[in-house]
Ligand SMILES: Cc1cc2nc3c(=O)[nH]c(=O)nc-3n(C[C@H](O)[C@H](O)[C@H](O)COP(=O)(O)OP(=O)(O)OC[C@H]3O[C@@H](n4cnc5c(N)ncnc54)[C@H](O)[C@@H]3O)c2cc1C
């Protein structure tokens, strides 16, 4: 088996774990043969600022990239067998990594795949959907490390409708399923038909959509040790021009309210608020934040984005501690003014 130790700036720096947390580097070195497959590379002491859209965070004891299902399975089962904590990283677009970094191994998932499947395999969906609806459907197998933008581009190029709402959301399909990412009242879970998981025993199993208990920014993956390997989604044949124009419209809207990529950010910091009346729409957290004066607030180098009160940004040099302090101050303001307790959408990884 070929193993590659990548000599980058980060890998050559001799690093030890931040004070106050365990250092698994030696254990990882001992278990490398269990963890690494032919397609994976390892970096010790990787700077997590380089791997997240927030551009914040300390070092990971080790970081590997995998680009095949076998590589992902081997990395996860190897880490588990060696007793090494691991963290699955998608696009790093919904994360606030702690200044102490990540103990154990970060497994960056680059398993990309988009394959059109034979629709006859899905006849069993009748009568949950009509025969007519099934005939208009196109089923795609998506590797969990595929970027959402790649799925949207594929849909545009092949005149498939149904996933336009994902346009402009960064990150991978795996990360999107984990948090049921979405917009305009729709979530990625609405598209999922079935999926392959790596379960808690590191075996691969198939599950139907119901398994995930999709809800607003939630899926069952948040409460189990299961990892998404791939998923089958259902789109419909559409009209190329209409699909492309809807995607362009959404991307243009996003450019107007989102910061440019060189500014650190992890999207909406807080979840939208559950209304008191049943079946009413969620109220944007940004609405409360704006009225509470969030846009004028900053702490250290972390600040609220001037065009979006629910975006905390890192224009450069912000620490995790500063973001947490700012977020706590924002929550207090909204609680004080409206009696509403905001809940974080961005995941603090420590
Ligand atoms: C500018 C900007 C705009 C955004 N707009 C939106 C929006 O409109 N709607 C929205 O919902 N989100 C939005 N986000 C947040 C983010 O893009 C999404 O939540 C995205 O789906 C996260 O995917 P990721 O691959 O980056 O996951 P990561 O941030 O890498 O990880 C998130 C979580 O998913 C887990 N995970 C990753 N892959 C897997 C896997 N294969 N199996 C199991 N668990 C896995 C990770 O371990 C982690 O716990 C935005 C972010 C930014 C920066």
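The values are calculated or read from the model by the stated rules, or taken from the named source; none is laboratory data. Not measured: the values here are computed from a predicted model. All Cβ positions, even for glycine, are placed from backbone atoms using ideal geometry, and neighbour counts span all protein chains on display.
Overview of results
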{"read-out": "When residues of segment 204-235 are limited to those that are assigned to a strand (DSSP E or B) and without any contact (Cβ under 8 Å) to a residue 60 or more places away in the chain, the one nearest to the ligand (Cβ to nearest atom)", "value": "218"}
{"read-out": "One residue from 98, 118 being within 22 Å of residue 52 (Cα to Cα), surrounded by fewer than 23 Cβ atoms within 10 Å (Cβ to Cβ) and either at pLDDT below 95 or more than 13 Å from the ligand (Cβ to nearest atom) (or both)", "value": "98"}
{"read-out": "Per-region count, segment 11-70, residues more than 16 Å from the ligand (Cβ to nearest atom), on the phi > 0 side of the Ramachandran plot and either surrounded by 18 or more Cβ atoms within 10 Å (Cβ to Cβ) or without any contact (Cβ under 8 Å) to a residue 24 or more places away in the chain (or both)", "value": "1"}
{"read-out": "Every pair of residues 6+ apart whose Cβ atoms lie under 7 Å, when the first sits in segment 128-146 and is in the same structural domain as residue 173 (by TED's automatic domain parsing) while the second is in a loop (DSSP other than H, G, I, E, B) and away from the ligand (no atom under 16 Å from the Cβ)", "value": "134/126; 139/117; 140/117; 141/117"}
{"read-out": "Residue in segment 236-244 that is in contact (Cβ under 8 Å) with a residue 24 or more places away in the chain and within 13 Å of the ligand (Cβ to nearest atom) present", "value": "no"}
{"read-out": "Options 185, 179, 174: the member that is within 12 Å of the ligand (Cβ to nearest atom) and surrounded by fewer than 18 Cβ atoms within 10 Å (Cβ to Cβ)", "value": "185"}
{"read-out": "Qualifying residue in segment 148-157 (condition: within 13 Å of the chain's Cα centre (by Cα), within 24 Å of residue 68 (Cα to Cα), not in a strand (DSSP E or B) and not assigned by TED's automatic domain parsing to the domain that holds residue 87)", "value": "yes"}
{"read-out": "Residue in segment 152-169 that is over 23 Å from residue 254 (Cβ atoms), within 14 Å of the ligand (Cβ to nearest atom) and surrounded by fewer than 22 Cβ atoms within 10 Å (Cβ to Cβ) present", "value": "no"}
{"read-out": "Selection from segment 188-203 of residues that are part of a strand (DSSP E or B), farther than 23 Å from residue 129 by Cβ and more than 11 Å from the ligand (Cβ to nearest atom)", "value": "none"}
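Every residue, every condition in (1) surrounded by fewer than 13 Cβ atoms within 10 Å (Cβ to Cβ); (2) assigned to a helix (DSSP H, G or I); (3) free of Cβ contacts under 8 Å to residues at least 40 places away in the same chain, yes or no:
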position	(1), (2), (3)
275	yes, no, yes
288	no, yes, no
304	no, no, yes
313	no, no, no
321	no, yes, no
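Quick grid of which residues meet (1) under 20 Å from residue 181 (Cα atoms); (2) over 23 Å from the mean Cα position of the chain (by Cα):
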residue	(1), (2)
257	yes, no
263	no, no
266	yes, no
273	yes, no
282	yes, no
306	no, yes
318	no, no
321	no, no
325	no, yes
